[in-house]
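**Student:** One structure, as structure tokens, below. Some questions next.
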């Protein structure tokens with residue numbers, strides 16, 4: 001629907017009230033923490049309506065999945081994996097650095113996490129692409145143990161396409177459990193599912209609420225709400241492309257959000273009409289918001305305030321405006337760069353910050369699965385160059401032993417023991 005621009009500006013503060021959802025899932029998290037597998041089986045029956053044959057998917061089940069999937073689909077997964085690997089491998093180059101300042105050497109080196117858990121959503125649809133988006137960068141980073149949790153289907157098993165995607169992505173262990181209970185299992189460990197150091201991956205509000213609860217005990221990638229897109233367009237844009245991309249985003253979830261900012265009244269009307277014509281009963285068109293703006297610069301300003309998960313730039317010379325984009329999860333430039341390509345196979349990542357969190361969080365990358373340590377190698381000359389400053393600052397803070405640790409090194413000729421006075 002076409003709305004005044006002021007209505008869209010209210011979306012700058014669209015944060016979800018997580019307290020409500022956290023209170024609902026907290027008992028689930030605590031029960032899994034206390035009862036382990038027993039609680040997982042109970043919640044799987046309650047929420048998924050099945051009694052799974054297993055929690056950990058057997059190797060023979062994964063092997064058999066390849067026979068159940070068309071070769072064309074397997075080829076598509078391989079194309080996506082190759083592009084994701086290529087992009088993330090190149091962007092991960094030159095992580096480590098060592099700088100020689102003459103009398104001292106300083107540097108930074110990256111090391112992978114020992115273990116990570118990937119949440120792969122189920123629910124309205126299965127998302128094998130998420131296995132690639134998280135598993136491939138985790139392997140590039142060098143994570144030793146990579147596990148995945150994903151909800152079982154109505155037969156109590158994991159979708160075969162998801163199993164194949166996990167295998168192609170190099171995920172070593174797959175567990176048929178979803179929801180908040182899966183997050184708790186990966187955070188605290190059960191008899192079957194190992195505890196991990198970090199949990200990544202998208203999910204519904206209950207999954208995200210569980211991640212927010214456990215983050216005091218395990219690292220998470222980012223908080224995330226419903227999926228969203230913002231399109232900036234001028235009179236040259238194709239309204240059918242815009243409408244399709246908006247409806248595609250609304251296809252994810254009834255709470256998903258689609259915003260269009262355009263300098264053209266004609267484009268605004270056309271997008272609204274086309275969206276109403278093509279949307280099916282799953283699409284919540286109340287969450288399609290279209291506003292007319294005075295200029296592209298104004299649209300960029302509003303977009304930076306909203307900080308969308310996905311940003312499409314569909315106007316003349318759009319690439320020139322990339323430097324003006326400050327806050328967005330991922331940007332798609334030009335009419336032949338739909339969000340769907342980033343969701344699957346262009347090579348970037350679809351695990352992105354939503355609900356305005358793009359102002360402070362980045363999308364998933366190789367660095368998500370790594371940490372860095374700094375180091376320094378000081379010569380005696382370097383210590384003498386900075387030692388006086390260190391001593392003065394340490395004494396000013398009342399930390400006399402900090403000061404003495406430097407002073408003593410600067411007086412190597414003195415061999416008497418340090419006095420307590």
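**Student:** So is residue 105 farther than 30 Å from residue 281 by Cα and surrounded by fewer than 16 Cβ atoms within 10 Å (Cβ to Cβ) or not?
**Tutor:** Considered against the rule, which asks whether it is farther than 30 Å from residue 281 by Cα and surrounded by fewer than 16 Cβ atoms within 10 Å (Cβ to Cβ), residue 105 comes out as yes.
**Student:** Quick check on the stretch 270-299: of everything there that is touching a strand residue (DSSP E or B) at 6+ places or on another chain (Cβ under 7 Å) and not in a strand (DSSP E or B), which residue is surrounded by the most Cβ atoms within 10 Å (Cβ to Cβ)?
**Tutor:** 271
**Student:** Now, a different point. Determine whether residue 234 is in the same structural domain as residue 258 (by TED's automatic domain parsing) and surrounded by fewer than 24 Cβ atoms within 10 Å (Cβ to Cβ).
**Tutor:** Considered against the rule, which asks whether it is in the same structural domain as residue 258 (by TED's automatic domain parsing) and surrounded by fewer than 24 Cβ atoms within 10 Å (Cβ to Cβ), residue 234 comes out as yes.
**Student:** Tally up the residues in the stretch 384-413 that are in contact with a helix residue (DSSP H, G or I) (Cβ under 6 Å, 6 or more places away or on another chain) and touching a residue at least 60 places away in the same chain (Cβ under 8 Å), please.
**Tutor:** 0
Yes/no matrix, rows are residues, columns are (1) closer than 28 Å to residue 362 by Cα; (2) in contact with a helix residue (DSSP H, G or I) (Cβ under 8 Å, 6 or more places away or on another chain); (3) modelled with pLDDT of 95 or more:
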site	(1), (2), (3)
232	yes, yes, yes
269	no, no, yes
281	no, no, no
290	yes, yes, yes
302	yes, yes, yes
308	yes, yes, yes
318	yes, no, yes
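**Student:** Among what's in the stretch 237-255 and is part of a loop (DSSP other than H, G, I, E, B) and modelled with pLDDT of 95 or more, pick the residue that is surrounded by the fewest Cβ atoms within 10 Å (Cβ to Cβ).
**Tutor:** 238
**Student:** Does residue 258 count as crowded, with 18+ Cβ neighbours inside 10 Å, in contact (Cβ under 8 Å) with a residue 12 or more places away in the chain, assigned to a helix (DSSP H, G or I) and not assigned by TED's automatic domain parsing to the domain that holds residue 85?
**Tutor:** So residue 258 does not fit the description; no.
This table checks each residue for (1) crowded, with 16+ Cβ neighbours inside 10 Å; (2) outside the structural domain of residue 182 (by TED's automatic domain parsing); (3) in contact with a strand residue (DSSP E or B) (Cβ under 6 Å, 6 or more places away or on another chain).
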residue	(1), (2), (3)
7	no, yes, no
28	yes, no, no
44	yes, no, no
52	yes, no, yes
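**Student:** When the stretch 327-345 is examined, which residues are found to be outside any helix (DSSP H, G or I) and touching a residue at least 24 places away in the same chain (Cβ under 8 Å)?
**Tutor:** Of everything in the stretch 327-345, those that are outside any helix (DSSP H, G or I) and touching a residue at least 24 places away in the same chain (Cβ under 8 Å) turn out to be 327, 328, 329, 330, 335, 337, 338, 345.
**Student:** For the stretch 368-383, state whether one or more residues are outside any helix (DSSP H, G or I), in contact with a helix residue (DSSP H, G or I) (Cβ under 9 Å, 6 or more places away or on another chain) and within 23 Å of residue 84 (Cα to Cα).
**Tutor:** Yes, some residue in the stretch 368-383 is outside any helix (DSSP H, G or I), in contact with a helix residue (DSSP H, G or I) (Cβ under 9 Å, 6 or more places away or on another chain) and within 23 Å of residue 84 (Cα to Cα).
The values are calculated or read from the model by the stated rules, or taken from the named source; none is laboratory data. Values in this document were obtained by computation on a predicted structure and should not be read as measured data. All Cβ positions, glycine included, derive from the backbone under ideal geometry; neighbour counts span all protein chains shown.
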